[in-house]
Every structure is written in structure tokens, then in C-alpha cells.
Amino acid sequence: MRMAGVFSDLLEFALPQRCPGCGAAAESERLLCDACRDRIPPFAGALCARCLALGRDPTPCVRHAGFAVRAPWLYDERAALLVHALKYAERPGLAAALGEVMARALPPGYRPDLVIPVPLHRVRRRERGYNQAALLAASLAAAIGAPMIEDALTRVRPTAAQARLGPAARRANMAGAFRLAHPDAWAGRTVLVIDDVLTTGATLEACLATLRAGATPPQRRPADASALVLAWAQ
Ligand SMILES: [Zn+2]
Ligand SMILES: [Zn+2]
């Protein structure tokens with residue numbers, strides 16, 4: 001596994017890199033050429049992780065305050081090439097350039113007290129070797145000058161694939177899946193949760209709900225949490 005990764009890195013270095021979107025020359029650390037990257041549709045707005053309602057900053061949904069998700073891009077075939085390479089093709093280095101793309105989707109002047117990634121369950125993390133959300137979170141945190149803690153949220157149990165589940169079943173599937181280490185430490189803090197793609201919203205909804213459940217009594221102040229992803233798969 002590791003040797004294969006090193007070998008493919010060497011090949012990338014030795015061979016001219018071609019953009020998988022159009023075949024033009026492209027920088028290896030960016031995968032897509034500038035033209036293909038510029039054609040990924042921008043998304044300027046905020047969504048609600050609970051009901052996927054679209055809205056304006058700072059509140060995407062008047063019914064579910066505290067579940068805002070922002071994204072710089074809509075998920076198209078070019079964004080999919082980037083996400084798949086980052087996630088499954090041993091190209092963790094792609095995350096470096098994506099942090100700055102993600103930073104552009106944040107409201108002007110917004111700087112969270114803490115950036116945290118959506119965690120992978122440790123079994124999957126071991127299989128993949130890294131958590132792509134943590135790579136994006138580190139890159140974004142560096143771009144905006146905020147601290148990142150990789151294991152502030154942990155996934156306490158593996159969850160079934162969400163794709164075929166309805167909204168209620170998804171919520172039940174994710175309930176209690178995450179645990180916040182030291183919840184009192186994050187009470188009243190501004191926390192930004194990072195993931196790669198927003199699809200059903202169930203995973204981010206569960207993470208944000210865990211942060212909102214907040215500190216233990218008598219303090220009971222929840223974190224001021226929102227989320228940021230690379231792309232929204234409509
Ligand atoms: Zn291209
Ligand atoms: Zn909502």
C-alpha cells in the first residue's frame with residue numbers, strides 16, 4: 001500500500017501531469033488545469049444541514065439556527081475528480097490547495113476559535129490511512145490562521161451507508177454516532193466543522209447537534225457551530 005503510494009508519487013513527479021478533465025497539462029498538486037477548475041460552478045450561500053433549505057448568511061434556515069453549512073462549489077464532474085482523488089486515490093497532497101478555495105466561502109471577517117474535521121471511524125481511518133476531512137480542515141485552518149484539533153470530535157460507532165435511507169432513518173442512523181471530547185472547553189466558542197461533500201446533510205447535522213448539545217450543567221452554553229464543505233452535491 002505504502003510502496004504503491006510512493007511509486008505513484010514518483011510517477012507523478014517524473015511524467016507530465018495531464019488534467020483528467022480535459023487532457024491539458026496540469027500541475028500535479030492541483031490535479032485539474034486552471035480552466036477545468038474555473039468551470040466548477042460556484043456556490044455562494046448557506047444551507048441548512050437539517051432540511052437543506054437555502055438561505056442567506058448568517059442564518060440559512062429560520063427553523064434550525066446553528067446548522068449552517070457553507071461551500072465554495074457545487075459538486076459537478078470536475079469537483080468529483082478532485083474529491084475522488086483526495087479520498088480514494090492516495091492523493092492527500094491535493095488538500096493543500098483546496099483550503100484556500102474553501103476559505104473563500106466564509107463570511108468576511110469570520111474567524112472561528114476552532115476548526116475540527118468530521119471524524120472517520122477508526123477502522124475506516126486505518127483502512128484509508130488518513131481522514132480526507134482532516135486534511136481539508138488543516139489546510140483551511142492554515143489559510144485563515146485558526147487552530148485545528150483533529151480529534152475534538154470522535155466517531156464512537158461506525159454508521160451504515162446513508163444513500164438509500166430516508167431522512168428520518170438517516171437521522172436515526174447517525175444519532176449518538178459522535179462524541180465531543182471536553183465539551184465544556186467549547187462552550188460559547190465559535191467552532192467550524194469541515195467535511196468534503198455535503199449530500200444528505202445527516203453527518204454534518206449530527207456533528208453540529210453534538211456541538212450544540214454543549215456543556216454540562218450548570219454552564220450549559222453550547223458551541224456556536226457551523227460547517228464548511230468543499231462542494232454541495234445537490
Ligand atoms: Zn482541464
Ligand atoms: Zn433547516
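Every read-out reported here was derived from the displayed coordinates using simple, explicitly stated rules and does not represent laboratory data. These numbers come from a predicted model, not from an experiment. Methodologically, a virtual Cβ is constructed for each residue, glycine included, from the backbone with ideal geometry; neighbour enumeration extends over all protein chains shown.
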- Counting only residues 5 or more places away or on other chains, whose amide H sits under 5 Å from the amide H of Leu74 once H atoms are built in the peptide plane? Phe43, Trp232
- Task: Find the Rg to Rh ratio for the chain, where Rh is the Kirkwood radius over alpha-carbon pairs and Rg uses the same atoms.
- Result: 0.97
- Arranged from highest to lowest average of other beta-carbon atoms within 10 Å per residue, in what order do the peptides 132-142, 177-187 appear? 132-142, 177-187
- Can you pull out the trypsin sites (Lys or Arg not before Pro) in region 91-140 that DSSP calls coil and that have at most 15 other Cβ atoms within 10 Å? Arg104
- Free-by-geometry Cys in the chain, Cβ-Cβ under 4.7 Å as pairing rule, reported as Cys22, Cys36, Cys51, Cys207
